[in-house]
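> Please see the structure below; I have some questions.
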Amino acid sequence: MAVNLYASKAHSDESKWVCIYPVYLNKKRTTTEGRRVKQDLAIENPTSQEIFDILSHAGLKCRVEKNKMHPLDPNRDMNLQGRVRVQLKNDDGKPVDAKFPNRLSLIKYACEMIPKLKTRQGGAAQSQPAASGGKKKKR
């Protein structure tokens with residue numbers, strides 16, 4: 001009787017989750033430098049934390065690994081390092097969410113949603129001029 005050794009390994013094991021690096025979405029990188037989406041869809045300098053925020057808000061199980069970096073990324077800036085591990089498939093091999101059947105769908109979703117984050121829309125930058133405007137009135 002043959003025993004299937006791979007059946008015991010579940011996809012819920014985090015080492016089997018897919019990895020998404022910020023360089024996959026970075027508009028400033030070429031495809032040879034690791035970008036995985038078209039230039040018009042890509043965004044400038046995404047961070048692993050932004051990718052994590054978007055995908056966890058979408059209801060996916062994910063985790064940030066801050067000290068990891070893409071092998072093709074020459075940038076050693078600590079702010080731009082990191083990767084996100086995402087559970088794409090269940091134990092039975094079916095997608096966790098039907099909206100995300102593959103890794104590219106996750107990347108495109110992140111490219112679409114990251115510009116909508118409050119930190120990207122300049123919410124903090126708009127509140128500072130209002131505060132400084134208030135200080136000028138007091139003088």
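The values are calculated or read from the model by the stated rules, or taken from the named source; none is laboratory data. Computed from a predicted structure; not experimentally measured. Positions of Cβ are backbone-derived with ideal geometry, glycine not excepted, and every protein chain shown enters the neighbour counts. Only protein heavy atoms, including side chains, enter the accessible area calculation; ligands, DNA and RNA are left aside. Shrake-Rupley method; radii C 1.70, N 1.55, O 1.52, S 1.80 Å.
> Quick check on my link table: of Lys27/Lys99; Lys16/Lys108; Lys94/Lys116; Lys27/Lys94; Lys28/Lys108, which ones sit more than 26 Å apart, alpha carbon to alpha carbon?
Over 26 Å Cα-Cα: Lys94/Lys116; Lys27/Lys94.
> Test of the criteria: in segment 19-55, which GluC sites (Glu not before Pro) are in a DSSP loop and have at most 10 other Cβ atoms within 10 angstrom of their Cβ?
Answer by residue number: there is no such site.
> Within segment 14-116, what whole-number % of the accessible surface is contributed by carbon and sulfur, with the 1.4 Å probe and all protein chains included in the calculation?
The C+S portion of the solvent-accessible surface of segment 14-116 is 49 percent.
> Return the distance in nm (one decimal) between the two label points of a simple spin-label model at Lys38 and Leu117, each offset 7 Å from Cα along Cα→Cβ.
About 2.4 nm separates the two model spin labels.
> Given a cut-off of under 8 Å on Cα pairs at least six residues apart, what relative contact order in percent is computed for segment 14-116?
Averaging sequence separation for qualifying contacts and normalising by length gives 33 percent for segment 14-116.
> Would you mind working out the accessible area per residue for segment 43-103, using a 1.4 Å probe, and quoting it in Å²?
Each residue of segment 43-103 exposes 58 Å² on average to a 1.4 Å probe.
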